[in-house]
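S.K.: Sharing a structure with you now.
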Amino acid sequence: MAAQRLLTEDEIPAYIRGLGLAQAGEPVAVSGAGDGNINWVRRVSIGGARPRSFVLKQARPALERFPQYAAPTERLLCEARWFELAAPHDRDAICPRVLALDETNRVLALEDLTGAERLDAALSRGAEVASRMESLARFLARVHAATERDASLPARFQNDAMRRLHGDHIFALPFQPNDFGRTARVEDAAREARGDVALVAAAARAYARYLAPTGALVHADVQAGNILLPEAGGVKLLDAEIAHAGDAAFDLGTLLAHVALPAIARGDDASEVVARAREAYRRERGADEALLARAQQYGGFELIRRTIGAARVAAVASDEASLRVLAAGRAWVRDSG
């Protein structure tokens with residue numbers, strides 16, 4: 001394979017013309033886009049007679065926001081393959097349109113979704129999102145059902161480094177002593193969770209199941225920051241860099257956790273929107289109770305890691321919110337059987 005070229009903003013106009021995404025003479029402007037936690041991401045705006053914009057993302061050998069973590073650039077190819085395999089089941093246009101893929105330089109050009117609201121922002125203001133989450137759950141169910149017997153997936157999605165990096169943050173790090181900047185009150189609760197022998201053992205079993213390289217095509221990061229709500233309606237799912245062959249329940253569980261988290265943090269009842277998303281998935285796929293129970297357990301660990309792990313969210317900024325979400329996560333795991 002040829003050496004990867006790491007793009008700079010100054011190089012982007014000529015680069016995208018080489019990809020056929022802009023013509024000579026069309027003005028090109030480049031700006032930041034999104035949080036850029038994993039990849040180098042820029043928004044490209046093209047002026048002239050046919051103004052348009054798109055997002056350009058490049059996978060580099062280290063994570064963009066956390067350069068201490070090395071990560072194979074093949075993650076971008078896995079993302080592109082996930083969009084390709086999911087497309088036949090995307091009747092509601094949930095995936096962003098892929099405009100170009102440069103495999104050599106690990107660059108993906110995608111539809112620009114500027115103006116769409118992140119799910120966590122919508123939930124924080126109490127927006128009604130249940131019907132959109134049902135649509136997303138049905139889409140995931142279709143992708144899972146269509147791919148669960150595809151024996152070629154493990155070879156096409158050799159994404160173990162990203163899967164393990166993600167899994168460590170969910171199933172391991174929250175249950176180890178760490179310095180994630182919690183208050184004394186929340187640290188006491190975290191210490192209690194780390195001392196819960198049954199909870200820690202359940203995390204180890206869930207992690208082993210999550211790592212098993214068989215099953216359906218899993219997006220693996222169906223979290224609120226990757227779910228956008230366009231003003232015109234519908235829902236969009238981004239960032240499939242952790243895609244792999246694995247347990248379909250993981251996608252559903254992550255979705256349910258993020259749908260519920262802001263309401264739990266406020267002390268509100270999240271059961272209706274969670275039940276609607278879970279039921280939409282079950283009806284679309286005919287999922288059995290064992291899968292739904294695993295989804296609840298995965299969701300519980302996601303709630304826990306968003307409270308006492310490295311990836312704390314804004315909704316748990318107060319001690320009271322943290323304690324409510326942590327307690328709910330532990331209950332979801334306990335009650336999943």
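The values are calculated or read from the model by the stated rules, or taken from the named source; none is laboratory data. This one's a predicted model, so the numbers in the text were calculated from it and none came from an experiment. A quick note on method: Cβ atoms are made from the backbone with ideal geometry, for glycine too, and the neighbour counts reach across all protein chains shown.
Residue-by-condition table, conditions (1) under 8 Å from the mean Cα position of the chain (by Cα); (2) modelled with pLDDT under 95; (3) within 21 Å of Val325 (Cα to Cα):
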site	(1), (2), (3)
His219	yes, no, no
Val222	yes, no, yes
Ala232	no, yes, no
Leu256	no, no, yes
Val259	no, no, yes
Pro262	no, no, yes
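S.K.: Considering every residue within segment 22-30, establish whether at least one is part of a strand (DSSP E or B), touching a strand residue (DSSP E or B) at 6+ places or on another chain (Cβ under 8 Å) and either of a type in the set (Val, Ile, Thr) or modelled with pLDDT under 95 (or both).
M.R.: yes
S.K.: Further question on the same structure: Does segment 223-241 contain at least one residue that is assigned to a loop (DSSP other than H, G, I, E, B), in contact with a Lys or Arg (Cβ under 6 Å, 6 or more places away or on another chain) and crowded, with 17+ Cβ neighbours inside 10 Å? Break it down stepwise before answering.
M.R.: Step one: of segment 223-241, the residues assigned to a loop (DSSP other than H, G, I, E, B) are 223, 230-235, 238-241.
From what's left, in contact with a Lys or Arg (Cβ under 6 Å, 6 or more places away or on another chain): 235, 241.
Add one more test, that the residue is crowded, with 17+ Cβ neighbours inside 10 Å, and what stays is 235, 241.
Yes, segment 223-241 contains at least one residue that is assigned to a loop (DSSP other than H, G, I, E, B), in contact with a Lys or Arg (Cβ under 6 Å, 6 or more places away or on another chain) and crowded, with 17+ Cβ neighbours inside 10 Å.
S.K.: I've got another one for you. Can you go through Val273, Val333 and tell me which one is part of a helix (DSSP H, G or I), touching a helix residue (DSSP H, G or I) at 6+ places or on another chain (Cβ under 7 Å), β-branched (Val, Ile, Thr) and closer than 21 Å to Arg132 by Cα? Before you say what the answer is, go through the steps one by one.
M.R.: Numbers: Val333 fails: closer than 21 Å to Arg132 by Cα.
Just a single option satisfies the conditions, and that option is Val273.
S.K.: Please tell me if Gln4 is on the phi < 0 side of the Ramachandran plot, more than 27 Å from the chain's Cα centre (by Cα), of a type outside the set (Gly, Ala, Ser) and not in a helix (DSSP H, G or I).
M.R.: On the way: on the phi < 0 side of the Ramachandran plot: yes; more than 27 Å from the chain's Cα centre (by Cα): no; of a type outside the set (Gly, Ala, Ser): yes; not in a helix (DSSP H, G or I): yes.
No.
S.K.: Please indicate, with yes or no, whether at least one residue in segment 286-304 is in a helix (DSSP H, G or I) and free of Cβ contacts under 8 Å to residues at least 12 places away in the same chain.
M.R.: Start the filter on segment 286-304 by keeping residues that are in a helix (DSSP H, G or I), which leaves 289-304.
Imposing the further condition that a residue be free of Cβ contacts under 8 Å to residues at least 12 places away in the same chain reduces the set to 289-290.
Yes, segment 286-304 contains a residue that is in a helix (DSSP H, G or I) and free of Cβ contacts under 8 Å to residues at least 12 places away in the same chain.
S.K.: Hey, does segment 309-320 have a residue that's at pLDDT 95 or above, in a helix (DSSP H, G or I) and more than 21 Å from the chain's Cα centre (by Cα)?
M.R.: Within segment 309-320, one or more residues are at pLDDT 95 or above, in a helix (DSSP H, G or I) and more than 21 Å from the chain's Cα centre (by Cα).
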